[in-house]
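Enquirer: Before I ask anything, let me first share the structure, which is written out below as structure tokens.
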Amino acid sequence: MEFLILAVVIALVAVGATVAGLVVSGRKKKQLPPSSPSSTPTITPPAEPHVGDEAEEPREEPRRTIEEVDLPKAAAPVEEAPAVVEEELPPTPEIEVPEPTAGRLVRLRARLARSQNSLGKGLLSLLSREHLDEDTWEEIEDTLLTADVGVAPTQELVERLRERVKVLGTRTPEELRALLREELLTLVDPDLDRVVKTEKEGEGPGIVMVVGVNGTGKTTTTGKLARVLVADGNSVVLGAADTFRAAAADQLQTWGERVGAYTVRGPEGGDPASVAFDAVKEGKEMGVEVVLIDTAGRLHTKTGLMDELGKVKRVVEKHAPLDEVLLVLDATTGQNGLVQARVFAEVVDITGIVLTKLDGTAKGGIVVAVQRELGVPVKLVGLGEGADDLAPFEPEAFVDALIGD
């Protein structure tokens, strides 16, 4: 029995050994798979270059064109912060000091005399004749009429001269000059109040409105009048109510800036009454002494335009009554100026006359004629293109310029 168990064990060991040998033999015969192309290639050191006869011929290698080469992209430009430029403010206009108005007409007397001497010299020459017959007196009348003195004032002056010359008898040049000066001064009427009224009894600024036809130099005169008012110690606000003429507001503002006067203006073609109203309102708020309103030039024959001027006056008077309405007349227009004056006086109640271009005409008699026509005084006269050539009217200086030295 023991022999049988031993035989079985030996047999099992033999079988196990045989199976193990077969397994090992199968493993030896199995080959490894080829390396994949993605595996890391073997780096072969470069061969040493050959020279001379051993040098190899150059091999053709593929090359890429410039279009196929990817160039590096340029870096995005760095935006620089914009430089801070300081805005240049317009230069502040220099404030001018206007020439004092007291005695200004006396200082301008020589300029006035150059244009008016023909009237005075003509009258003195005629009155100096030895025999003053009717023909001579007719020449005297013609001289006065040509100077735009007017028919009625001329007749009055000739009658008084006739009587006084007859009483005087002999006539020396000095006596004739004194006689003529006295009569002309009476004709001009030195007793009229020629002060431009700018002071109110109550609170608020004085209100002055300037009117006139086209071409009389109205806006320029308004600017010069601002200088007159500033020279007399007034603070001024300008109202540019001439909204129809291009650049009229700019022109007036320039005049104002030169003397430190503020200008109220509106859109071109806007309502002039609205601008005038705002100017008075601004003047009240600013506490100035005078508000000076420039209106649009208009033909006295245009009823609609004249009605609009009346509207401006009515709108302004919602603030306060007007203290002055000054009519600007061109002294060279003569009797036609009287027609203009008459129509304006009917619409806006003229209180004073400003005669421009009095230095450019020998017809100084218009001063007498317009005063007689309207019953209001000539308050200012323009004697040139200079900024301070607008002068308060002084009867004595004017008559002296008429008859000459």
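The values are calculated or read from the model by the stated rules, or taken from the named source; none is laboratory data. Keep in mind it's a predicted model, so treat the numbers as computed, not measured. As a convention, Cβ positions derive from the backbone with ideal geometry for all residues, glycine included, and neighbour counts pool all protein chains shown. SASA here: full protein model, heavy atoms, side chains in, ligands and nucleic acids out. Shrake-Rupley method; radii C 1.70, N 1.55, O 1.52, S 1.80 Å.
Enquirer: Mind checking which pairs have a first residue in the stretch 154-171 that is over 14 Å from Leu124 (Cα atoms) and a second that is open to solvent by 70 Å² or more (accessible area, probe 1.4 Å), Cβ under 6 Å, 6 or more apart or different chains?
Expert: Thr154/Leu145
Enquirer: Among the candidates Glu163, Glu94, Glu130, Glu159, which residue alone is open to solvent by 10 Å² or more (accessible area, probe 1.4 Å), out of contact with any helix residue (DSSP H, G or I) (no Cβ under 9 Å at 6 or more places or on another chain) and not in a helix (DSSP H, G or I)?
Expert: From the options Glu163, Glu94, Glu130, Glu159, the qualifying one is Glu130.
Enquirer: Tell me which residues, restricted to the stretch 204-237, are charged (D, E, K, R) and touching a helix residue (DSSP H, G or I) at 6+ places or on another chain (Cβ under 8 Å).
Expert: Just the residues of the stretch 204-237 that are charged (D, E, K, R), to begin with: 218, 224, 227, 232.
The answer is Lys224, Arg227.
Enquirer: Give the residue, chosen from Arg63, Arg107, that is more than 39 Å from the chain's Cα centre (by Cα) and at pLDDT below 85. Before the answer, list the steps.
Expert: Numbers: Arg107 fails: more than 39 Å from the chain's Cα centre (by Cα).
Only one candidate passes the filter, namely Arg63.
Enquirer: Now for a separate question. Kindly check whether there is at least one residue in the stretch 253-270 that is over 26 Å from Arg104 (Cα atoms), small (Gly, Ala, Ser) and without any contact (Cβ under 8 Å) to a residue 24 or more places away in the chain.
Expert: no
Enquirer: May I pose another question? Do we find that Thr243 is of a type in the set (S, T, N, Q) and under 17 Å from the mean Cα position of the chain (by Cα) in this structure?
Expert: The answer is yes for Thr243.
Enquirer: Here's a follow-up. Taking the stretch 375-405 as the search range and keeping residues that are assigned to a helix (DSSP H, G or I) and of a type in the set (Val, Ile, Thr), which one is farthest from Glu257 (Cα to Cα)? It would help to see each step written out before you state the result.
Expert: Taking the stretch 375-405 as the starting set, the residues that turn out to be assigned to a helix (DSSP H, G or I) are 395-403.
Going one step further and asking which of them are of a type in the set (Val, Ile, Thr), we end up with 399, 403.
On the way: Val399: 35, Ile403: 39 Å.
Residue satisfying both the conditions and the ranking: Ile403.
Enquirer: Can you tell me which of (1) open to solvent by less than 10 Å² (accessible area, probe 1.4 Å); (2) assigned to a loop (DSSP other than H, G, I, E, B) is the one Ala276 doesn't meet?
Expert: All conditions are met except number (2).
Enquirer: Additional query: For the stretch 325-349, which positions are among the charged types (D, E, K, R) and crowded, with 20+ Cβ neighbours inside 10 Å? Please lay out each step first, then the result.
Expert: Going through the stretch 325-349, the residues among the charged types (D, E, K, R) turn out to be 330, 342, 346, 349.
Result: Asp330, single match.
Enquirer: State the number of residues belonging to the stretch 180-236 that are of a type in the set (Val, Ile, Thr), in a loop (DSSP other than H, G, I, E, B) and over 29 Å from Val149 (Cβ atoms).
Expert: So the first thing to find is which residues in the stretch 180-236 are of a type in the set (Val, Ile, Thr), and the list is 186, 188, 195-196, 198, 207-208, 210-211, 213, 216, 219-222, 228, 230, 236.
Filter once more, so that each one left must be in a loop (DSSP other than H, G, I, E, B): 195-196, 198, 213, 216.
Filter again for over 29 Å from Val149 (Cβ atoms), leaving 198.
The qualifying residues number 1.
Enquirer: Being surrounded by 24 or more Cβ atoms within 10 Å (Cβ to Cβ) and either at pLDDT 90 or above or more than 20 Å from Gly382 (Cβ to Cβ) (or both) narrows it down to one of Leu225, Leu185, Leu192, so name that one. Walk me through how you get there before you give the answer.
Expert: On the way: Leu185 fails: surrounded by 24 or more Cβ atoms within 10 Å (Cβ to Cβ); Leu192 fails: surrounded by 24 or more Cβ atoms within 10 Å (Cβ to Cβ).
Answer to the check: Leu225.
Enquirer: Additional query: Suppose we filter Leu305, Leu358 for residues that are hydrophobic (A, V, I, L, M, F, W, C), over 24 Å from the mean Cα position of the chain (by Cα) and open to solvent by 20 Å² or more (accessible area, probe 1.4 Å); which single one remains?
Expert: Working: Leu358 fails: open to solvent by 20 Å² or more (accessible area, probe 1.4 Å).
Only one candidate qualifies: Leu305.
Enquirer: Looking at Val106, Val149, which one is open to solvent by 70 Å² or more (accessible area, probe 1.4 Å) and in contact (Cβ under 8 Å) with a residue 60 or more places away in the chain? So that I can check it myself, show each step before the final result.
Expert: Numbers: Val149 fails: open to solvent by 70 Å² or more (accessible area, probe 1.4 Å).
Just one listed residue meets the conditions, Val106.
Enquirer: Write out, first by first residue and then by second, each pair whose Cβ atoms fall under 8 Å of each other, whose residues are 6+ apart or on separate chains, and whose first residue, in the stretch 114-127, is at pLDDT 85 or above and part of a helix (DSSP H, G or I) while the second is open to solvent by 10 Å² or more (accessible area, probe 1.4 Å) and acidic (Asp, Glu).
Expert: Leu126/Glu139
Enquirer: Taking the stated definitions as given, is Leu292 buried (at least 23 other Cβ atoms within 10 Å of the Cβ), under 19 Å from Val348 (Cα atoms) and touching a residue at least 12 places away in the same chain (Cβ under 8 Å)? It would help to see each step written out before you state the result.
Expert: On the way: buried (at least 23 other Cβ atoms within 10 Å of the Cβ): yes; under 19 Å from Val348 (Cα atoms): yes; touching a residue at least 12 places away in the same chain (Cβ under 8 Å): yes.
Yes: the conditions hold for Leu292.
Enquirer: Name the residue that is surrounded by the most Cβ atoms within 10 Å (Cβ to Cβ), counting only residues in the stretch 237-264 that are of a type outside the set (A, V, I, L, M) and assigned to a loop (DSSP other than H, G, I, E, B). Don't jump to the end; show me each part of the working.
Expert: Taking the stretch 237-264 as the starting set, the residues that turn out to be of a type outside the set (A, V, I, L, M) are 239, 242-245, 250-251, 253-258, 260, 262-263.
The next check asks that each one be assigned to a loop (DSSP other than H, G, I, E, B); those that pass are 242-245, 260.
Numbers: Asp242: 24, Thr243: 20, Phe244: 16, Arg245: 14, Gly260: 14.
By that ranking, first place goes to Asp242.
Enquirer: Also, quick follow-up: So if I check each of Asp349, Asp330, Asp294, which one is modelled with pLDDT of 85 or more, more than 24 Å from Leu383 (Cα to Cα) and of a type in the set (Asp, Glu)? Break it down stepwise before answering.
Expert: On the way: Asp330 fails: more than 24 Å from Leu383 (Cα to Cα); Asp294 fails: more than 24 Å from Leu383 (Cα to Cα).
Only one candidate qualifies: Asp349.
Enquirer: Hey, any hits in the stretch 178-190 for a residue that's charged (D, E, K, R) and under 22 Å from Gly337 (Cβ atoms)?
Expert: The answer is yes, given that some residue of the stretch 178-190 is charged (D, E, K, R) and under 22 Å from Gly337 (Cβ atoms).
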